[in-house]
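The values are calculated or read from the model by the stated rules, or taken from the named source; none is laboratory data. Nothing here was measured: the structure is a model prediction, and the numbers come from that model. Cβ coordinates were reconstructed from backbone atoms using ideal geometry, including for glycine residues, and neighbour counts include every protein chain displayed. Each accessible area value is taken on the protein alone, full model and side chains, heavy atoms only, with ligands, DNA and RNA left out. Shrake-Rupley method; radii C 1.70, N 1.55, O 1.52, S 1.80 Å.
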Amino acid sequence: DPVASIELLVSLLLSDLADTSTPAVLANMLMQHGAYEAARRMYSLAIDDLVADKQTPPNDLLADLAVSMWASGDTESALALIQVRQHELDELYRSMTEESQPGLSPLELARLEAPITPTLATVRAVISSGSDPDMAADGMASARESYLNAIHILKSNDIGDEKDQASAILELAWLQLWLGSNTDEAEAHVENAQAITPLSEEARARFDGWLLLRQGFPGDALTVLEPLADMDPAARLGLAVAYQEQGQLQEAARSYLSITRETPGTLLGIWSSIRLQDMLGTRLPPTEESAAMTALVNAIPKAVDRYPLDPRLALSFSIKTSERDMQPYEPVTVEIEIANNTPFPMAMSPEGPIR
């Protein structure tokens, strides 16, 4: 029962506000069931917890937050979040380069850009694909560069696994076909991956169908992708795009809706949802399950979101002595008072919120 699981996780969060792992687990489950606004709140709380603990939020967690923002309809904030991380990496990269190459001019340093992880680059490319053409092209170019860097590292690593190389090459090919970027290069990537590790018949057929679609043959693409559609969301997405290009809007809408309902927490599912919403001219209503989950998260007091930023709102303590004037060698009695400023009970134990 996913709703009951969310209820238990919310209770766990409120029982130990100092446990920084719960918000991310809660957010992941909310995303899996399409409760995007609630997931965004929990991802933000998870990141604030890490920052309060003087830890740098990992790229994967930032990517998850960006996806939840995009799914909630806030594309601008999602792209801005990734751009902030890009600026942080750029500054670090330039600082390291300046130390290793002190002869570089300020202009040369300013032109340097740090590579970001394929995961973060993919998220940016998919989110920006619905923006203006220049932004979409920049996002895809960044993702391509990130994957090519990763593939180069895997090839140059003596202990690199050939399957990992093939997997990275196919991920880049799939992204290019999905977002309609450089079909010829994507086809070459598929052939390169096939030479390293043979593809299954289903995987090869999926790529062949998408290649036909991007080469301007939607009818032929339908013929190739239809046998795979029931078990393969990526093939079904190809059907939806092909149906839409052929003007079969009802069939396209049904395919988009099935992907959205089946994989609501994935880039594929959210992208399909946005395409469907564009066709319908309105946002899709939440499912009963996601609405129930959102209601449970909304019951968490808003003050909980502010605790990592100002812990005194949750907990404070004072120290005082019994006497102001002490004689030499006189024992000093110190009284420590801990105040729970939240509306929730807090246990004092090695595993409790007050450790």
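Considering only the stretch 272-290, state which residues are open to solvent by 20 Å² or more (accessible area, probe 1.4 Å) and assigned to a helix (DSSP H, G or I). Before the answer, list the steps.
The initial filter retains those residues of the stretch 272-290 that are open to solvent by 20 Å² or more (accessible area, probe 1.4 Å), namely 274-275, 277-289.
Correct list: I274, R275, Q277, D278, M279, L280, E288, E289.
What's the total number of residues in the stretch 200-240 that are open to solvent by less than 40 Å² (accessible area, probe 1.4 Å) and in a helix (DSSP H, G or I)?
21
Kindly provide the set of residues from the stretch 10-20 that are open to solvent by 30 Å² or more (accessible area, probe 1.4 Å) and either in a helix (DSSP H, G or I) or at pLDDT 90 or above (or both), ordered by number. Steps first, answer last, please.
Initial filter on the stretch 10-20 (open to solvent by 30 Å² or more (accessible area, probe 1.4 Å)): 11-12, 14-15, 17-20.
Selection gives S11, L12, L14, S15.
Restricting to the stretch 86-100, and then to whatever is surrounded by 12 or more Cβ atoms within 10 Å (Cβ to Cβ) and in contact (Cβ under 8 Å) with a residue 12 or more places away in the chain, can you tell me which residue is farthest from A114 (Cα to Cα)?
T97
Please give the number of the condition G269 fails out of (1) surrounded by 10 or more Cβ atoms within 10 Å (Cβ to Cβ); (2) on the phi > 0 side of the Ramachandran plot; (3) not hydrophobic (A, V, I, L, M, F, W, C).
Only one criterion in (1) surrounded by 10 or more Cβ atoms within 10 Å (Cβ to Cβ); (2) on the phi > 0 side of the Ramachandran plot; (3) not hydrophobic (A, V, I, L, M, F, W, C) is unmet by G269, namely (2).
Check the stretch 203-215 and report whether any residue there is hydrophobic (A, V, I, L, M, F, W, C), closer than 27 Å to A141 by Cα, at pLDDT below 95 and in contact with a Phe, Trp or Tyr (Cβ under 9 Å, 6 or more places away or on another chain).
Checked against the condition, which is being hydrophobic (A, V, I, L, M, F, W, C), closer than 27 Å to A141 by Cα, at pLDDT below 95 and in contact with a Phe, Trp or Tyr (Cβ under 9 Å, 6 or more places away or on another chain), the stretch 203-215 yields no hits at all.
With the structure loaded, tell me whether I259 is surrounded by fewer than 17 Cβ atoms within 10 Å (Cβ to Cβ) and outside any loop (DSSP other than H, G, I, E, B) or whether it fails that test.
Details: surrounded by fewer than 17 Cβ atoms within 10 Å (Cβ to Cβ): no; outside any loop (DSSP other than H, G, I, E, B): yes.
So I259 fails the test.
Report whether or not T197 is open to solvent by 20 Å² or more (accessible area, probe 1.4 Å), in contact with an Asp or Glu (Cβ under 7 Å, 6 or more places away or on another chain) and over 22 Å from M140 (Cβ atoms).
yes
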